[in-house]
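Colleague: The structure's right below; bear with me while I get my questions together.
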Amino acid sequence: MSPEHWTRPVPPEHGTTADPPAATAAKPTREQVIAGLRATSEGGADLVQLLTPEGERVHHPDFDLDLTEAQLRDLYRDMVLVRRFDREGNALQRQGQLGIWVPLLGQEAAQVGAGRALRRSDMAFPSYREHGVAWCRGLDPTELLGIFRGTDHGSWDPISTGFHLYTIVIGNQALNAAGYAMGQKFDGKVGDDDGEATMVFFGDGATSQGDVHEAMVWGSVYDAPLVLFCQNNQWAISEPLERQTRVPLYQRAAGYGFPGIRVDGNDVLASLAVSRWALEECRHGNGPVLVEAFTYRMDAHTTTDDPTRYRLADELEAWKLKDPIERLRVHLVREQGADQDFFDDVQAESDELAARFREFCFAMPEPDPSRIFSEVYAEASPVVAAQREELLGHLDGFADHPVQGGVH
């Protein structure tokens, strides 16, 4: 638009209120939501897809994949088990056993595909929804419970698992990942088939956070082996994607000087293929890479959220037809000869996992209050020691408070 067409907004008269622009209105209109759904429901012409919503295997000239029947069954098993303990986490929170739960319903293919693409020598940085990636990195699901029950900040070793602790601050993990990937580059662990890479996970809403953009800047200028894996589930809590960006998210990578690609995040085969390619690019020194996994959040943002207040039922129903588990199940039946015994065995295994997950949660002990002071510094701190003694002394003043750790 030429300068002569620019207009300066006229301030409202005293005592009147100007209508807010559409992009910042408190709630999207029905027409806005439906228009956004229709415009993005298939992900656009650049979407990489290997398995259609109907379970039909299709091929891509650049990102094809050759998997055995056993490997396909393993991916199906991964997604079913991950969904099962995720649903159990939701139920446990509703029953008062967890303070909060962050569901991943509908995003299993994106997470399992990316998680299975990682090598043991790679490093993954999650947000707080990557239960599927945790599963692929070898974590027992019970290790996630302490965070949501409020008994710890994460019980696993990030180094031995190659899986960083959950990050609650939106987008902060991207900077941590960029720094780690820069370290891989400085240590000479990049440049050949044996190179290492880092993958960081975040949602579409996090792309509006400065930390994510700073990570892209640092990763770009240092050619860091960093895969930025954005799970675009269409909603940043109650804000639709149209309020986050004017262009498809994967196209933002061009502004930082590295490639971006959009993959069908409900297609576990495409997610695996694209993630493998992106990681290989990075481990050979061609990073960073931005992957936009185009998916949908089928449940609430967290168990404290009510999505019926801001999105429409017909949108949810449309995405149910693209369920990632169902499309692989149909493919296994139609083209791989999977029988009912296989699906029954997976279902039985998922039920056993859910029961163990629940029993573990019920049996979790309350931590000693002194524990919050024990891992603050590598060396003893007089200030922390004084705070510890003050708290325990205060607690001992209550008749029903037992002596903790033998220390008064």
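The values are calculated or read from the model by the stated rules, or taken from the named source; none is laboratory data. On a predicted model such as this, the values are computed, not experimentally measured, just so you know. Cβ sites come from the backbone with ideal geometry, for glycine too, and all protein chains shown count toward neighbours. With ligands, DNA and RNA removed, areas are computed over all heavy atoms of the protein, side chains included. Shrake-Rupley method; radii C 1.70, N 1.55, O 1.52, S 1.80 Å.
Colleague: Using a 1.4 Å probe over the heavy atoms of the protein chains, calculate the carbon and sulfur portion of the accessible area of the chain as a whole percent. Write down the numbers at each step before the final one.
Modeller: Details: 10430 of 19860 Å².
Here it works out to 53 percent.
Colleague: If each DSSP helix of 4+ residues adds -39,500 (n - 2.57) and the sum is divided by the residues in the chain, what number results at 222 nm, nearest 500 deg cm²/dmol? Could you put the intermediate results ahead of the total?
Modeller: On the way: 14 runs with 167 residues, N = 408.
One gets -12500 deg cm²/dmol as the mean residue ellipticity at 222 nm.
Colleague: Counting each pair of different Cα atoms once, what's the Kirkwood radius of the range 139-236 in Å, rounded to one decimal?
Modeller: By the Kirkwood definition, the hydrodynamic radius is 14.6 Å.
Colleague: For the range 196-345, what does the alpha-carbon gyration tensor say about shape, rounded, prolate or oblate, given a ≥ b ≥ c as the root eigenvalues, a/c under 1.5 as rounded, and a/b over b/c as prolate? Write down the numbers at each step before the final one.
Modeller: On the way: a/c = 2.55, a/b = 1.26, b/c = 2.03.
The shape class here is oblate.
Colleague: Only helices at least 24 Å long along their axis, Cα-based, and averaging -0.5 or more on Kyte-Doolittle count here, so list those DSSP H runs from the chain.
Modeller: Details: long enough: 69-94 (38 Å, -0.95); 340-363 (35 Å, -0.40).
In the chain, the long hydrophobic H runs are 340-363.
Colleague: Report the Cα centroid-to-centroid distance between the range 202-250 and the range 53-126 in angstrom, as an integer.
Modeller: If you average the Cα positions of each part, the centres end up 21 Å apart.
Colleague: To check you understand DSSP bridge types, tell me what percent of the beta bridges within the chain (both residues inside) are antiparallel, rounded to 5. Don't skip to the end; give the middle numbers.
Modeller: Numbers: 4 of 26 bridges.
So the antiparallel bridges in the chain amount to around 15 percent.
Colleague: Keeping every protein chain present and rolling a 1.4 Å probe, give me the accessible area per residue for the chain in Å².
Modeller: On the way: 19860 Å² over 408 residues.
I get 49 Å² per residue for this part.
Colleague: Please identify the longest segment of the chain free of exposed GluC sites (Glu not before Pro), where exposed means a DSSP state other than H, G, I, E or B and no more than 14 other Cβ atoms within 10 Å.
Modeller: Details: sites that count: E13, E42, E54, E56, E375, E379.
Value returned for the longest uninterrupted segment is 57-374.
Colleague: What is the mean projected area of the alpha carbon convex hull for the range 88-202, to one decimal in square nanometres?
Modeller: 7.3
Colleague: Quick one: order K322, K189 from most to least accessible surface, probe 1.4 Å.
Modeller: On the way: K322 25, K189 90 Å².
In descending accessible area the options line up as K189, K322.
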